[in-house]
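Report on one structure; see the data block that follows.
The values are calculated or read from the model by the stated rules, or taken from the named source; none is laboratory data. Computed from a prediction, not measured in an experiment: that's the story for all the values here. With ideal geometry, Cβ positions are generated from the backbone for all residues, glycine too; neighbour counts draw on all protein chains shown. Note: areas computed on protein heavy atoms with side chains; ligands, DNA, RNA excluded. Shrake-Rupley method; radii C 1.70, N 1.55, O 1.52, S 1.80 Å.
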Amino acid sequence: MRVILCENYEELSLQASKIVASQLILKPESILGLATGSTPIGLYENLVKMNEMGEIDFSKATTFNLDEYYPIKKSNSQSYDYFMNKHLFSKVNINKSKTHIPNGEAIDPVKECEDYELLIKQHGGIDLQILGIGQNGHIGFNEPDFNLNSVTHLTNLTESTIEANSRFFESREEIPTKALTMGISTILKSKKIILLASGASKSKVVGELLNSEINTNIPATMLKVHPDVILICDRDAYSGVRLGVDIGGTNVKFAVVEGNTVKFKTQTKTEKESFEKLIKTISQQCIDIISQYKIKTVGIGTPGIISNGKVKATNVPFDNVDLAKAFKKYIDLPITVDNDANCAALGEAQLGVGSQYDNIVMITLGTGIGGGIITHKHICDGKTSNGEIGHMIINAVDGIPCPCGQKGCWEQYASVSALIRQATNAALENKNSTLYSIYEENSNQLNGELIFEAIDAGCPVANQVFSTYLDYLAVGIKSIIKILSPEAIVLAGAITLQNDKIITPLRERLKDYDVDILISTLQNDAGALGAAML
Ligand code: GLP
């Protein structure tokens with residue numbers, strides 16, 4: 001299922017109308033599957049305008065509507081027959097005899113359904129089906145059930161649908177409790193499908209649709225078996241209020257995001273005693289936040305490698321565990337899990353300094369080098385979670401051994417630990433240098449800040465070490481640029497708080513490359529914010 005994420009309802013209606021218009025232009029005699037409900041009204045308005053301007057022609061098109069209440073008079077202002085005439089048929093040059101809607105006045109509804117199904121078949125099937133989605137995941141009037149009827153049929157409406165439709169009727173008694181609807185297989189036989197979802201009332205179901213396996217409780221998930229479905233939704237329907245959790249070796253961070261706005265942030269200590277205890281404490285915190293902020297989806301960023309949905313990490317007790325399943329025991333919401341560095345990159349790409357770009361690579365400089373690759377605003381995932389750029393080999397001849405088992409990994413040369421190691425060696429080799437004095441004054445130890453203290457004091461040894469470090473850093477970034485061609489590289493980690501001292505000489509080393517070199521604006525919050533955006 002492809003997703004077109006629109007800023008608002010107007011853009012959603014425009015995108016949908018472009019697809020319908022292209023269909024009619026390419027094949028004027030198209031068989032269109034039409035939907036009712038409030039969502040496609042903007043689409044129909046656009047189609048009416050395009051038809052008025054002579055951009056599209058309905059005269060050769062045939063239409064089949066998805067559904068109709070049963071029983072209902074065509075003249076009833078709430079019938080779908082009435083709706084279609086009001087919003088489309090009476091306003092475009094369509095041949096009324098080529099429009100079809102299940103007959104809510106039929107005496108024999110079962111026969112009406114059989115005939116309707118046959119008629120679609122006789123027309124060679126639907127070329128482009130437009131769908132809305134009910135808050136419970138229904139499409140057409142295919143309601144959640146143990147067993148879904150595949151062809152056009154008479155169905156009972158669920159309480160939640162009757163409730164959702166009550167806004168259109170004056171009294172509850174008037175709301176039909178049955179309907180005639182195309183079945184799931186009728187819909188799936190369409191050559192192309194567009195599914196429209198707008199507004200916050202749809203965010204829960206859109207989250208469930210995108211995050212759930214195919215199941216009859218959310219009928220729209222059936223669309224996942226179709227090769228050409230586009231979900232067109234606006235930001236309110238797509239996001240709702242999201243909770244992001246970033247599980248780290250020391251702290252667990254939580255962030256609540258609505259649209260692009262950060263609503264709340266907090267953190268707790270990581271409870272590393274046992275897997276169960278850690279999941280339980282994080283879940284309890286989540287449940288509090290969920291009830292307070294009416295959260296619709298939860299994203300989890302975890303350290304370690306994710307393979308086939310199982311997480312294996314070293315600094316938290318995750319030994320091939322299915323994190324999403326473990327959290328589902330406590331949290332009844334769609335849950336998505338990804339690697340923490342990927343989450344940080346996504347956070348930066350959607351909410352931070354990377355938000356103006358489509359393709360970025362985030363590089364986190366710390367004990368090692370972490371990375372996340374964002375292509376077209378999405379995490380670029382491989383067979384397992386990828387982006388392990390710190391383990392790109394930059395020295396094949398006499399490379400420094402890396403705990404990962406390889407030799408010559410980039411992080412052995414360009415991480416902050418590597419810088420400290422290089423500076424310590426240089427200090428010991430130059431005992432008359434300022435760097436060495438600082439080393440001695442600090443119990444024979446250096447850290448990032450002390451190295452910059454020596455640089456600020458004009459120590460040539462410290463300067464030389466840092467210059468070589470920057471060369472190593474630049475070498476790796478050059479390879480990343482050559483392979484991925486990102487628009488921007490975003491650097492994060494405490495060392496980047498040195499700002500100009502690192503960014504200016506780095507940009508100088510990369511001046512022949514067409515890429516923006518930036519410093520993360522979200523820094524330590526990027527992981528939790530990105531998890532929220534998963
Ligand atoms: C009705 C229709 C569906 C439609 C749904 C959502 O149940 N049978 O086809 O998708 O309403 O309507 P709305 O777009 O008003 O939310």
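Worth pointing out:
- Approximate spin-label separation I393-D500, in nm, with each point projected 7 Å along Cα-to-Cβ: 4.1 nm
- Computed helical MRE - 222 nm, the chain, DSSP H runs ≥ 4 contributing -39500 (n - 2.57), nearest 500: -10500 deg cm²/dmol
- Over 41 Å [Cα-Cα, the chain], rounded percent: 37 percent
- For the pair E487 and Q122, the difference between a 0.36 nm per residue extended length and the Cα-Cα distance amounts to 126.3 nm.
- Positive-end ranking of G244, L154, Q135 along the dipole of the chain, with charges on Cβ about the Cα centre, is headed by L154.
- Net charge, Q445 excluded, C-beta distance under 14 Å - Lys, Arg +1, Asp, Glu -1: -3
- Percent carbon-and-sulfur accessible area, segment 55-167, ignoring ligands, DNA and RNA, probe 1.4 Å: 50 percent
- For segment 344-413, the relative contact order works out to 22 percent when only alpha carbon pairs closer than 8 Å and six or more residues apart are counted.
- Each Lys and Arg contributes +1 and each Asp and Glu -1, all at the Cβ; summed about the Cα centre of the chain, the dipole is approximately 520 debye.
- Grouping the Cα pair distances of segment 254-296 into 5 Å bins from zero gives a pair-distance distribution of 5, 21, 28, 20, 15, 8, 3, 0 percent in increasing distance order.
- Amide H contacts under 5 Å for D516: A488, I489, restricted to partners 5 or more places along the chain or on a different chain, H placed in the peptide plane at 1.01 Å from N.
- Mean separation of Cα pairs under 8 Å and 6 or more residues apart, divided by the residue count, gives segment 61-118 a relative contact order of 42 percent.
- Shape category assigned to segment 266-406 from the gyration tensor of Cα positions, a/c cut at 1.5: oblate
- 1.4 Å probe accessible area per residue over segment 426-534, in Å²: 48 Å²
- Approximate spin-label separation C404-I162, in nm, with each point projected 7 Å along Cα-to-Cβ: 6.0 nm
- Two-decimal log10 I(q)/I(0) for segment 338-442, as the Debye equation yields it once each C-alpha is a single scatterer, q = 0.13, 0.14, 0.21 Å⁻¹: -0.60, -0.67, -1.00
- Each peptide among 393-406, 480-493, 111-124 gets the average number of other Cβ atoms lying within 10 Å of its residues, and from highest to lowest they stand as 480-493, 111-124, 393-406.
- The modelled label-to-label distance between H378 and F264, using points 7 Å beyond Cα along the C-beta direction, is 3.0 nm.
- Note, ³J(HN,Hα) from phi for segment 138-154, Karplus 6.51, -1.76, 1.60, rounded to Hz, x at Gly and Pro: 6, 10, x, 10, 7, 7, x, 7, 5, 9, 9, 6, 8, 10, 4, 8, 8
- Dimensionless Rg ratio for segment 218-329, taking C-alpha atoms and the 2.2 N^0.38 Å reference: 1.21
- Centre-to-centre, using Cα atoms only, segment 159-219 and segment 491-534 are separated by 44 Å.
- Ranked by how many other beta carbons lie within 10 Å on average, peptides 64-76, 334-346 from highest: 334-346, 64-76
- GluC sites (Glu not before Pro) within segment 224-286, DSSP loop, no more than 14 other Cβ atoms inside 10 Å: E273
- Share, in percent, of DSSP beta bridges within the chain that are antiparallel, nearest 5: 50 percent
- Using the alpha carbons alone, the radius of gyration of segment 1-124 stands to its Kirkwood radius in an Rg to Rh ratio of 0.98.
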